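K.L.:
Structure in structure tokens, see below.
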Amino acid sequence: MADTQQAASGPQEGAELGTKGKPKTTLTISSKNYSSWSLRGWLLTKFAGLEFTEHMVAPDDADARAEILLLSSSILVPCLEHEGIKIWDTLAIGEYLNEIKPRAGLLPADRAARAHCRAICGEMHSGFSALRSALPMNLKGHFPKFKIWSRAAADIERITTIWNGCFKTYGGPFLFGERGMADAMYAPVATRLLTYDVPLDKPCAAYCERIMAMPEMIAWVADAKAEPEDIDELEVEF
């Protein structure tokens, strides 16, 4: 009933319309070099096969900068706007895309695997704060022999345990066989592990390589490296 009422009310006043009279689909993101949440939302939307226009928020925007530096609890990016509906939380974006594009396979078809996928995506969404602060995403950077502090090391150990459990249960090559929501959620971790030269076992190292070899990641990294802006607080020196 709610969907019917929403459709009947039409797009919001002033919304940009697509070719079929529906509001244009946009994804608001910030820095491709630094914003891990932007990458997650972007990959989810790409994996779903939903065409969209990127709306970039400059890293020097005060709110975007606060979020990238983990100084803000609000989730401003990514934000998906589709057919007059606005979704601004990454997990919510993934669930929404799974509803409108079920054949994309963002979530596994098997109920038990789907529950497992949701659990590890939720863990990524709400946890691993030590890893986030100690090893910020920085696709332009490379810091060999980076000192990994104990709390961040514990987060990394938990993540590799999750990955290896998935490989053992579902057989790879991605976390649940075919790539999906979980891979989008953990892709920024793969970039961090490579940026900071973190030693990994063979299955996890190979998984990071598969993530970085995806065409979507190749395109994202190229854009990230072309960004002119740098955030000094994230340019660590050791």
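K.L.:
Once the piece of chain linking Trp149 and Ser126 is laid out straight, how much longer is it, given 0.36 nm per residue of separation minus the C-alpha distance between them?
P.N.:
Gain on extension, Trp149 to Ser126, equals 6.3 nm.
K.L.:
Rounded to the nearest Å, what's the spacing between the alpha carbon centres of the range 189-217 and the range 88-160? Just the number, please.
P.N.:
13
K.L.:
Rank-order 94-100, 153-159 by packing density, defined as the average count of other C-beta atoms within 10 Å over each peptide's residues, highest first. Don't skip to the end; give the middle numbers.
P.N.:
Values: 94-100: 18.9, 153-159: 16.7.
Highest to lowest by the protection proxy: 94-100, 153-159.
K.L.:
Pop the C-beta distance of Ile100 and Ala219 into the FRET formula with R0 = 25 Å and round what comes out to the nearest 0.05.
P.N.:
The calculated FRET efficiency here is 0.60.
K.L.:
Based only on the alpha carbon positions, what is the Kirkwood hydrodynamic radius of the range 106-229, in angstrom?
P.N.:
By the Kirkwood definition, the hydrodynamic radius is 15.0 Å.
K.L.:
Length gain on complete extension for the stretch Glu209 to Glu51, per 0.36 nm per residue less the alpha carbon to alpha carbon distance?
P.N.:
The span from Glu209 to Glu51 would gain 54.3 nm if fully extended.
K.L.:
Taking the Cα of Thr169, stepping 7 Å toward and past its beta carbon, and measuring to each backbone N in the range 180-222: which are under 13 Å?
P.N.:
182
Read-outs throughout are calculated quantities, based only on the coordinates presented, and are distinct from any laboratory measurement. All figures in this text were calculated on a predicted structure; none of them were measured in a lab. In this analysis, Cβ positions are derived from the backbone assuming ideal geometry, glycine residues included, and neighbour counts consider all displayed protein chains.
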